[in-house]
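What follows is a single structure, written as structure tokens, with notes after it.
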Amino acid sequence: MNATRIAIADGITMTKRNTIKLVRVPDLLGSVILTPIMFVLLFAFVFGNMIEIPGVPYREFMLPGVFTQTAIFGAALSGYMLVGDLQKGIIDRLRTLPMSPSAVLIGRTTSDLLTNLISLVMMIGMGLIIGWRVHTPPHKVVFGCLLLLLFAYAMSWVMAVIGL
């Protein structure tokens, strides 16, 4: 029980480290904020006039796919950042600290979950601006977003394993 509590506390510390790193690196921050907006606009306006879906407006059809695609791309950040930390020797330095060995992975994937949440909020906002409308009750929308975030979290673990 105590070891689990220590692993969670160390994971939260590593999440803070990774989130601060994300804010301080403009490339990463741009990819978290601008890439989802770019995908929504690209698929809505460039491809939207070419594709006909019988009975469903194209924007309502394409946005769930864009949400999923962006979640997978966001999960790839886990592997990329872990490889960068391994090459720079940061993981070796963290191993010398008195912390849980799983904290690095917990912190990395939890930080990516937060970035996926930010991306999802940005995409939903942009989707609403371009005319996407939700026709289901709000609780189903929340459950759908939670399912997407759970999928993104699982993909972050897969990409972290590949990165290691």
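The values are calculated or read from the model by the stated rules, or taken from the named source; none is laboratory data. If you're wondering where the values come from, they're calculated on a predicted model, not measured in any experiment. Here the Cβ positions follow ideal geometry from the backbone for every residue, glycine too, while neighbour counts run over all protein chains shown. Keep in mind that these areas ignore ligands, DNA and RNA; they rest on the heavy atoms of the full protein, side chains included. Shrake-Rupley method; radii C 1.70, N 1.55, O 1.52, S 1.80 Å.
Converting phi to 3J(HN,Hα) with the Karplus coefficients 6.51, -1.76 and 1.60 and the offset θ = phi - 60°, segment 81-89 yields 5, 5, 4, x, 5, 5, 5, 7, x Hz in sequence order, with x at every glycine or proline.
Using just its DSSP H runs of length 4 or more, each adding -39500 (n - 2.57), the chain gives a mean residue ellipticity at 222 nm of -27500 deg cm²/dmol after division by all residues. Amide H contacts of G48 (H built 1.01 Å from N, in plane; Pro and chain starts excluded): no residue 5 or more places away or on another chain comes under 5 Å.
Partners of K88 within straight-line reach, counting lysines whose Cα lies under 30 Å from its Cα and excluding those fewer than 8 residues away in the same chain: K16, K21. Per 10 Å bin, what is the whole-percent P(r) computed from every C-alpha pair distance within segment 1-119? Pairs per bin, as whole percents: 12, 36, 25, 15, 9, 3. Extension gain, I51 to L34, is 3.7 nm, computed as 0.36 nm per intervening residue step minus the present C-alpha separation. Close amide H pairs (under 5 Å, H built 1.01 Å from N) link L164 with no residue at least 5 positions away or on another chain. When a 1.4 Å probe is rolled over the protein heavy atoms, the share of accessible surface on segment 1-136 that falls to carbon and sulfur comes to 71 percent.
Per residue, the accessible area of the chain comes to 59 Å², computed with a 1.4 Å probe over protein heavy atoms only. Derived from the Cα gyration tensor, the three semi-axes of the equivalent ellipsoid of segment 91-143 are 38, 13, 5 Å, largest first. Between E60 and L146, the modelled label-to-label distance comes to 2.5 nm, taking each label 7 Å out from Cα in the direction of the beta carbon.
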